[in-house]
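Report on one structure; see the data block that follows.
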Amino acid sequence: MDAFTIGAEKISSRLWLGSSLYPSPKVMGDAIQAASPGFVTVSLRRQSAMQLRQQVSEHGHWHILLQAVATSGSRLLPNTAGCHSAAEAVNLAQLARELFATRWIKLEVIGDDYTLQPHPLQLVEAARELIAQDFIVLPYCTDDLVLCSTLLELGCPAVMPWGAPIGTGRGLMNIYQLKTLRQRLADATLIIDAGIGKPSQAMAAMELGYDAVLLNTAVARAHDPVSMASAFRQAVDAGHMAYQAGLMVEREQAVASTPDIGKPFWQQAEVRL
Amino acid sequence: MTAPAAFTIYGAGLMGSLLAWRLARQGVKVTLLERAAEHSPQSAAWTAAAMVAPWAERSASTFDVFRNGELSLQLWPQLISELESETGMSCGYQCNGSLVVAHPADRNEMQQFCDQLSFNGLTPGMSEQVQMLDAASLRELEPNINAEFRQAVWLPQEAHLQQRILLTALWRAARQAGAELLFETAAEQQPAQGFILDCRGTGAAEDIQQLRGVRGEVLWLESEQRISRPLRLLHPRYHLYLVPKGESGGRYQYMLGATEIESDDRSPVSVRSAMELLSALYCLVPAFSEARIIAFDSNCRPALPDHNAAIIPFNNGQGLRVNGLFRHGYLQAPALLLTIQQHFGLPLSMNETYQQEVACA
């Protein structure tokens with residue numbers, strides 16, 4: 001898989017994975033190996049600072065995660081999942097920076113509990129504050145064009161619009177809008193985050209010219225997460241390669257790919273049965 | 001191998017207590033060391049809901065765990081009957097099945113659960129062990145369940161028991177058979193004699209690489225309303241179970257659980273977990289809105305990275321560590337006793353015919 005850069009940093013793969021919901025840490029580790037993701041996100045929600053510190057201890061769940069990330073050549077991307085306000089997200093981001101010694105943060109501020117839709121206003125506020133504090137902020141956002149360009153103007157090196165609500169597996173719900181984003185923000189790094197349920201949907205995102213996809217449930221909840229991780233890797237590779245190769249334009253009328261002229265017997269009537 | 005004449009067992013959780021009893025009744029010298037006090041046990045087994053549910057847990061477990069569970073279902077009745085006749089106590093072992101339900105709005109969760117079973121060769125409706133129920137049959141089995149639930153997966157061969165009575169009975173039976181039980185005594189406080197069986201669960205983290213604690217939180221409830229068998233609720237964000245825990249004076253007790261949080265944290269139940277568990281309960285059995293909460297409890301399950309149990313030789317062939325039973329202790333313990341007898345020659349008087357049946361099936 002070809003590498004690309006965000007900010008000044010080289011990212012090794014266009015498939016990014018979440019680390020929740022796997023049947024066991026072993027399966028999670030194997031899936032990460034199979035996918036060789038550019039980033040692996042890790043959630044800090046639901047835990048107090050004391051509990052968080054316990055988890056990076058030698059036997060903790062995150063220790064296993066950190067090992068898998070290191071051996072697969074991936075990078076860790078802490079997120080602020082479960083936050084409902086800018087202040088909460090900023091606090092959690094600071095904690096993540098201290099725990100994992102990284103400036104990278106996937107910024108997530110939820111505005112509606114049922115759809116888990118990002119809160120655009122709180123998101124912008126949190127992004128502004130975190131960038132001022134020297135974080136590298138990758139915001140999970142809706143596919144609103146003005147919101148995405150505002151986040152980019154603030155200094156986010158990439159934005160991560162949703163394909164569909166988190167965990168739904170419904171794929172790219174608004175292709176028109178996602179195409180518009182790609183066209184209007186031609187120079188920006190755009191990553192589809194959330195809603196991807198099948199490798200074909202990840203491939204479709206890459207064919208649209210998106211720079212990467214981030215997903216979790218579709219791999220973690222597969223009957224065989226390791227094989228599914230591998231399938232997504234190949235789909236993302238193929239989609240990106242297809243985008244670079246240049247997709248043909250759809251036509252209204254059929255056009256034979258083999259010319260009739262020069263073909264023997266082309267004038268003969270069809271064989272009747 | 002010739003069986004050793006003396007055993008030292010670390011930990012009075014489920015595995016340690018079972019081993020102490022099985023060995024002592026064979027006439028060998030047994031010393032059981034437990035860090036906690038007898039009146040306030042700290043083991044995961046004390047906190048657990050004690051279901052023997054290989055099919056309900058299939059999607060959350062490996063094939064090894066599932067196979068151990070099927071085997072344990074065959075082994076528990078004899079163990080219980082021997083234990084009850086030796087102690088005169090009743091452990092509340094009931095093999096009356098369990099039900100898996102989802103709210104109609106979450107039918108996709110039910111679909112995913114059934115798909116997982118099918119993927120593992122256990123398609124609902126295709127065998128005795130895994131059946132589908134319609135609304136009327138569900139109501140017949142459990143009249144108090146939320147009337148909005150229109151279907152259920154019915155697992156008629158699953159069992160559950162009363163873990164606290166069982167553990168107390170195991171200690172009594174082990175003592176009767178001559179075992180010495182030393183509570184409030186950590187492993188390092190006492191020189192080990194003979195063969196060592198290390199069953200300390202999370203307490204063995206220093207000695208077993210990659211062993212970690214996974215926090216679980218449960219509630220104890222009491223109600224006049226009756227639920228006869230374990231119920232499991234599938235929900236997009238959490239899975240919950242409600243397990244009957246006996247009756248006294250016309251009031252039934254239940255356990256409601258359990259969260260699964262990646263943290264080696266034994267602090268009391270959080271507000272958020274209690275709210276999630278209770279709101280899910282209210283949806284599952286609306287009649288429980290007037291149930292009484294009699295206790296909150298939390299503990300840590302010992303887990304290895306692959307979530308399988310492990311039997312690890314140590315002490316130059318004169319010891320075994322048995323650990324990593326995770327959320328499947330009661331599901332796996334009898335099968336592990338059998339494995340220990342067959343592979344390491346310990347005299348546990350387990351009936352070996354069952355293993356063969358499974359192997360032939």
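Among the residues of the range A:34-63, the one identified as modelled with pLDDT under 90, touching a strand residue (DSSP E or B) at 6+ places or on another chain (Cβ under 8 Å) and among the aliphatic types (A, V, I, L, M) is A:LEU44.
Filtered by the rule that a residue be farther than 19 Å from A:SER20 by Cα, open to solvent by 10 Å² or more (accessible area, probe 1.4 Å) and either part of a loop (DSSP other than H, G, I, E, B) or within 14 Å of chain A (Cβ to nearest Cβ) (or both), the range B:219-241 gives B:GLU224, B:GLN225, B:ARG226, B:SER228, B:ARG229. Only one of (1) at pLDDT below 95; (2) open to solvent by 50 Å² or more (accessible area, probe 1.4 Å) is not met by B:SER81, so which one is it? Evaluating B:SER81 over (1) at pLDDT below 95; (2) open to solvent by 50 Å² or more (accessible area, probe 1.4 Å) leaves (1) as the failure.
Tally time: how many residues in the range A:108-153 are in a loop (DSSP other than H, G, I, E, B), of a type outside the set (Val, Ile, Thr) and open to solvent by 20 Å² or more (accessible area, probe 1.4 Å)? Quick ask: steps written out before the conclusion?
Going residue by residue through the range A:108-153, those that are in a loop (DSSP other than H, G, I, E, B) are A:108-109, A:113-116, A:119, A:133-135, A:142-144.
Going one step further and asking which of them are of a type outside the set (Val, Ile, Thr), we end up with A:108, A:113-114, A:116, A:119, A:133-135, A:143-144.
Subsequent filtering for residues that are open to solvent by 20 Å² or more (accessible area, probe 1.4 Å) retains A:113-114, A:116, A:119, A:133-134, A:143-144.
Number of matching residues: 8.
Assessment of the range B:203-218 against the conditions (within 11 Å of chain A (Cβ to nearest Cβ), on the phi > 0 side of the Ramachandran plot, touching a Pro at 6+ places or on another chain (Cβ under 8 Å) and in contact (Cβ under 8 Å) with a residue 12 or more places away in the chain) yields at least one matching residue.
Which of the residues that make up the range A:183-193 are over 10 Å from A:VAL159 (Cα atoms) and either crowded, with 16+ Cβ neighbours inside 10 Å or of a type in the set (A, V, I, L, M, F, W, C) (or both)? Steps first, please.
Restricting attention to the range A:183-193, the residues satisfying the condition of being over 10 Å from A:VAL159 (Cα atoms) are A:183-187.
Listed by number, the residues that qualify are A:LEU185, A:ALA186.
The residue list A:THR168, A:THR180, A:THR150 contains one member that is modelled with pLDDT under 95 and out of contact with any Pro (no Cβ under 8 Å at 6 or more places or on another chain), which is A:THR168.
Sub-7 Å Cβ pairs linking a first residue in the range B:24-38 that is under 19 Å from B:GLU86 (Cβ atoms) and crowded, with 18+ Cβ neighbours inside 10 Å to a second residue that is among the aromatic types (Phe, Trp, Tyr) and at pLDDT 95 or above, at least 6 apart or interchain, are B:VAL28/B:PHE7; B:VAL30/B:PHE7, ordered by first then second residue.
Within the range B:91-123, the set of residues being of a type in the set (Gly, Ala, Ser), at negative phi and touching a strand residue (DSSP E or B) at 6+ places or on another chain (Cβ under 9 Å) comprises B:SER98, B:ALA102.
Return the only residue of B:GLY11, B:GLY69 being more than 14 Å from chain A (Cβ to nearest Cβ) and at positive phi.
Working: B:GLY69 fails: at positive phi.
Answer to the check: B:GLY11.
Can you find even one residue in the range B:98-107 that is of a type in the set (Ser, Thr, Tyr), under 22 Å from the mean Cα position of the chain (by Cα) and open to solvent by 60 Å² or more (accessible area, probe 1.4 Å)? Among the residues of the range B:98-107, not one is of a type in the set (Ser, Thr, Tyr), under 22 Å from the mean Cα position of the chain (by Cα) and open to solvent by 60 Å² or more (accessible area, probe 1.4 Å), which makes the answer no. When you scan the range B:159-194, how many residues do you find that are under 30 Å from B:TRP55 (Cα atoms) and in a loop (DSSP other than H, G, I, E, B)? Looking only at that region, the number is 2.
Within the option set A:VAL219, A:VAL236, being surrounded by 18 or more Cβ atoms within 10 Å (Cβ to Cβ), part of a helix (DSSP H, G or I), touching a Ser or Thr at 6+ places or on another chain (Cβ under 9 Å) and of a type in the set (Val, Ile, Thr) holds for one residue only, A:VAL236.
Which residue out of B:ARG266, B:ARG237 is over 25 Å from B:LEU141 (Cβ atoms) and without any contact (Cβ under 8 Å) to a residue 40 or more places away in the chain?
On the way: B:ARG266 fails: without any contact (Cβ under 8 Å) to a residue 40 or more places away in the chain.
Sole residue among the options that is over 25 Å from B:LEU141 (Cβ atoms) and without any contact (Cβ under 8 Å) to a residue 40 or more places away in the chain: B:ARG237.
The values are calculated or read from the model by the stated rules, or taken from the named source; none is laboratory data. Fair warning: this is a prediction, and the values are worked out from it, not measured in the lab. Here the Cβ is made from the backbone with ideal geometry for all residues, glycine too, and neighbour counts use every protein chain on show. To get the accessible areas, we keep the full protein, side chains included, count just its heavy atoms, and leave off ligands, DNA and RNA. Shrake-Rupley method; radii C 1.70, N 1.55, O 1.52, S 1.80 Å.
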